[in-house]
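Asks: Before we start, here is the structure in question, set down as structure tokens.
The values are calculated or read from the model by the stated rules, or taken from the named source; none is laboratory data. What you see is a predicted model, and the numbers here were worked out from it, not measured in a lab. Note that each Cβ is placed from the backbone with ideal geometry, even for glycine, and that neighbours are counted across all protein chains shown.
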Amino acid sequence: MNDGRTEARAPAKTLFDKVWDAHVVHPATPGTPALLYVDLHLVHEVTSPQAFRMLRERGLRVRRPDRTVATMDHSTPTTPRGGDGQFRVDDPEAAAQIAELEANCRASGIPLHALGDDSQGIVHVIGPELGLTQPGLTVVCGDSHTSTHGAFGALAFGIGTSEVAHVLATQCLLAAKPKSFAVSVEGSLAPGVTAKDLILGLIARIGTGGASGHVLEYRGPAIRALSMEERMTVCNMSIEAGARAGMIAPDDTTFAYLAGRPHAPREGAWDAAVARWRGLASDDGAYVDREERLDAAALEPMITYGTNPGAAIPVRGTLPEPNGSPMLERALEYMGLTPGRPLLGHPIDVVFIGSCTNGRLSDLRQAAGIFAGRKVAGGVRALVVPGSQQVKRQAEAEGLDRVFREAGAEWREPGCSMCIAMNGDRLEPGRYAVSTSNRNFEGRQGPGGRTFLASPLTAAAAAVTGRITDARELMS
Amino acid sequence: MQRFRTLTTRTAALPADNVDTDQIIPARFLKGTTRDGLGERLFADWRFDEAGRPRPGFVLNRPEARGAGALLVGRNFGCGSSREHAVWALRGFGFRAIVGLSFADIFRANALKNGLLPVALEPEFHGRIAPGSEITIDLEAQALTLPDGTRAPFSIEPFARHCLLEGVDELDFILSHEASIAAFERAHSQGG
């Protein structure tokens, strides 16, 4: 630690500035971007095979397998295991992709949390739960929802496959520094209003490209009051506002979550790490390029109605008129919805509870609170897909799986599942789903499928009523 | 990487905002392990019906798309997933440039690494490109010549421009910094 005088003279920095500056291997010049060091590279089966091929074609090896961690989640089945305890991967393409990741990890010495392992799960769920994700780190993955890890005060962002190859080979990336965007959330959330509603409310306000070119920092009392799992939900969807990343300064909530996790620092190293992490918070008066304020108390449960995550209204609201917007007209036509009408009471076919946005234990607890003592409505299919094997075990230890099963919902193995519909879990054409995932793009959950994004509470309420429902009516 | 200097081509127009990468290449086509064959799946759900027949109204199925090297799009093109497959699909179909109002960050970075030029124009110029009309893109001069001869400026960051103009591969450039990377690792070997 510097002495007080040195600190007083140092320019005020944001959390983002501090993490960025600490990872610059070679500064930007007028002709070249900065070279940035990557502390943790997460890898999955879908966006990595071509990157490993690029390395092989050039005769390069993986520079830091010890800073690389792999899992399989996107194309893996979530249907129950066979009698032998093994998963069956019926899709030959998915099986080939899974086999290629296994071979690549074996050849490079990269630790792999493989299908069937106790620690397997969605990459953005297992990173935090294993204690791999820590404050102040740079984290990348060939997946846009890498922004999730920013909940710990890490600088975490999604990259394309060429950059996956760059990081595998050099542990570095070339990057121009994004601008900063502070979102202060004042007040506190009302009962029945969740982190998902907060982030959907923000994206509805600033738009799906509203934070392009920026790194978001979420601040204020309503953010400080969130649990780590709730913070992950918020940061997860930063990319849906177009942001490069979303960050929250680490605090006692962060440290309490991390303490004792398998990869977290231990004993003396823990105290030193916490002392270091406490210094990451943005300094008073640090410059930010943009600011936005949100009043948490004014937020309602939110639900999307269109075909991008910014098209959201309060669950009790009415659908907007296109007013000459061909894009909104097209979205409402795709969704089969009538402008000016409420969404409340609209019938639905499928409910999906899971994903890197809302597939953690607290999400399942909230959903179970609605399902308890109720039945999934006739004609509705409800899938509950835990985010990881660990989440699954914890949920089962609490009896949540029984609550879901007794209500008539399907209790699945972990994976991305119907969020991205690569593994056979998909929405049929024209059908409506209320989904706790992050994207309502056309066909995202299956070609022709229609997605309403919402919180686990709203999703569970829709499952038991068969209609879009204000979950607060079902909460005691 | 294939060089990009100038491109004179007809444009195909997809005049929509917020076109996401799930539309450009739907997730069910991401199960391959190579970059090949994705051009045939470009915009699959907009281009083909449930039975796999071309939808006649969709731009890529219209005659003016044949041989078009540039796709004219709206705002925030390529939002959503980080899948580089979206860029491989556009390149596989034959596009060398996307001309729009703005691009999503990850898509833009992916495009630049694959010789697909993301050209962001000011609305006054963008609005003057008729679908099917011919444009010339000059990367060195960072100018796009409209059908009426007007030169519309655009901007590509210097390093990406250099790589495209000279066919330089970014990975080779990063590898040339080996000494700096090793020094950084030695200085930070205690973690974090």
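Asks: Filter segment B:96-120 down to the residues that are farther than 14 Å from residue B:76 by Cβ, away from chain A (no Cβ under 14 Å) and free of Cβ contacts under 8 Å to residues at least 60 places away in the same chain and list them by number.
Replies: B:119
Here is a yes/no grid of residues against (1) aliphatic (A, V, I, L, M); (2) outside the structural domain of residue A:353 (by TED's automatic domain parsing); (3) touching a Gly at 6+ places or on another chain (Cβ under 8 Å); (4) part of a loop (DSSP other than H, G, I, E, B):
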{"position": "A:190", "(1), (2), (3), (4)": "yes, yes, no, yes"}
{"position": "A:199", "(1), (2), (3), (4)": "yes, yes, no, no"}
{"position": "A:202", "(1), (2), (3), (4)": "yes, yes, no, no"}
{"position": "A:209", "(1), (2), (3), (4)": "no, yes, yes, yes"}
{"position": "A:216", "(1), (2), (3), (4)": "yes, yes, yes, no"}
{"position": "A:226", "(1), (2), (3), (4)": "yes, yes, no, yes"}
{"position": "A:232", "(1), (2), (3), (4)": "yes, yes, no, no"}
{"position": "A:240", "(1), (2), (3), (4)": "no, yes, yes, no"}
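Asks: For segment B:83-95, indicate whether the set of residues that are in contact with a strand residue (DSSP E or B) (Cβ under 6 Å, 6 or more places away or on another chain) and either charged (D, E, K, R) or within 10 Å of chain A (Cβ to nearest Cβ) (or both) is non-empty.
Replies: Within segment B:83-95 (the criterion being in contact with a strand residue (DSSP E or B) (Cβ under 6 Å, 6 or more places away or on another chain) and either charged (D, E, K, R) or within 10 Å of chain A (Cβ to nearest Cβ) (or both)), the answer is no, since none of the residues qualifies.
Asks: Now a separate question. Give me the pairs, please: first residue somewhere in segment B:140-158 and away from chain A (no Cβ under 14 Å) and in contact (Cβ under 8 Å) with a residue 60 or more places away in the chain, second residue anywhere and in a strand (DSSP E or B) and β-branched (Val, Ile, Thr), beta-carbon distance under 8 Å, and either six or more positions apart or on two chains.
Replies: B:140/B:6
Asks: Now, a different point. Of all residues being more than 9 Å from every other protein chain (Cβ to nearest Cβ) and outside any helix (DSSP H, G or I) in segment A:134-176, which is farthest from residue A:20 (Cα to Cα)? Just the residue, please.
Replies: Out of the qualifying residues, it is A:140.
Asks: Out of segment A:30-47, which residues are within 9 Å of chain B (Cβ to nearest Cβ) and not in a loop (DSSP other than H, G, I, E, B)?
Replies: Answer for segment A:30-47, where residues must be within 9 Å of chain B (Cβ to nearest Cβ) and not in a loop (DSSP other than H, G, I, E, B): A:32, A:35, A:37.
Yes/no matrix, rows are residues, columns are (1) touching a Ser or Thr at 6+ places or on another chain (Cβ under 7 Å); (2) in a loop (DSSP other than H, G, I, E, B); (3) modelled with pLDDT under 95; (4) over 24 Å from residue A:195 (Cα atoms):
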| residue | (1), (2), (3), (4) |
| --- | --- |
| A:280 | no, yes, no, no |
| A:287 | no, yes, no, yes |
| A:293 | yes, no, no, no |
| A:332 | no, no, no, yes |
| A:364 | no, no, no, no |
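Asks: Against the condition surrounded by 13 or more Cβ atoms within 10 Å (Cβ to Cβ) and over 26 Å from residue B:147 (Cα atoms), how does residue B:47 come out, does it pass?
Replies: yes
Asks: Hey, residue A:131 hits all of (1) assigned to a helix (DSSP H, G or I); (2) at positive phi but one; which does it fall short on?
Replies: Only one criterion in (1) assigned to a helix (DSSP H, G or I); (2) at positive phi is unmet by residue A:131, namely (1).
Asks: Residue A:179 passes all but one of (1) at negative phi; (2) touching a residue at least 40 places away in the same chain (Cβ under 8 Å); (3) more than 13 Å from every other protein chain (Cβ to nearest Cβ); which number fails?
Replies: Single failed check for residue A:179: (3).
Asks: In segment A:250-277, how many are within 14 Å of chain B (Cβ to nearest Cβ) and not in a helix (DSSP H, G or I)?
Replies: Of the residues in that region, 5 qualify.
Asks: Condition check: closer than 14 Å to residue B:20 by Cα and more than 8 Å from chain A (Cβ to nearest Cβ). Does residue B:71 satisfy that?
Replies: Judged against the criteria, residue B:71 is not a match.
Asks: If residue B:65 passes every condition in (1) among the small types (Gly, Ala, Ser); (2) more than 10 Å from chain A (Cβ to nearest Cβ); (3) within 21 Å of residue A:444 (Cβ to Cβ) but one, which one does it miss?
Replies: Residue B:65 satisfies every listed condition except (3).
Asks: May I pose another question? Among the listed residues B:18, B:110, identify the single one that is part of a loop (DSSP other than H, G, I, E, B) and touching a helix residue (DSSP H, G or I) at 6+ places or on another chain (Cβ under 8 Å).
Replies: Numbers: B:110 fails: part of a loop (DSSP other than H, G, I, E, B).
Exactly one of B:18, B:110 is part of a loop (DSSP other than H, G, I, E, B) and touching a helix residue (DSSP H, G or I) at 6+ places or on another chain (Cβ under 8 Å), namely B:18.
Asks: From the set of residues in segment A:183-238 that are on the phi < 0 side of the Ramachandran plot, in contact with a Lys or Arg (Cβ under 6 Å, 6 or more places away or on another chain) and not polar (S, T, N, Q), which is farthest from the other protein chains (Cβ to nearest Cβ)?
Replies: A:229
Conditions tested, residue by residue: (1) assigned to a strand (DSSP E or B); (2) among the polar types (S, T, N, Q).
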position	(1), (2)
B:114	no, yes
B:118	yes, no
B:137	yes, no
B:144	yes, no
B:147	no, no
B:162	no, no
B:171	no, no
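Asks: Restricting attention to segment B:56-107, which residues are within 23 Å of residue B:128 (Cα to Cα) and basic (Lys, Arg)?
Replies: B:62, B:66, B:75, B:96
Asks: Scan segment A:105-119 and report the pairs whose first residue is closer than 11 Å to residue A:62 by Cα and whose second residue is in a strand (DSSP E or B) and of a type in the set (A, V, I, L, M, F, W, C), with Cβ atoms within less than 6 Å and a gap of 6+ or a chain change.
Replies: Hits for this filter: A:105/A:70; A:105/A:112; A:110/A:70.
Asks: Restricting segment B:20-37 to residues that are in contact (Cβ under 8 Å) with a residue 12 or more places away in the chain and over 16 Å from residue A:422 (Cα atoms), which is farthest from the other protein chains (Cβ to nearest Cβ)? Steps first, please.
Replies: Filtering segment B:20-37 down to residues in contact (Cβ under 8 Å) with a residue 12 or more places away in the chain leaves B:20-27, B:29-30, B:35-37.
So of that shortlist, the ones also over 16 Å from residue A:422 (Cα atoms) come out as B:20, B:35-37.
Numbers: B:20: 5, B:35: 6, B:36: 10, B:37: 12 Å.
Looking at the filtered set, the residue picked out is B:37.
Asks: Pick from A:51, A:12, A:103: which is surrounded by fewer than 20 Cβ atoms within 10 Å (Cβ to Cβ), within 30 Å of residue A:215 (Cβ to Cβ), more than 8 Å from chain B (Cβ to nearest Cβ) and of a type outside the set (Val, Ile, Thr)?
Replies: A:12
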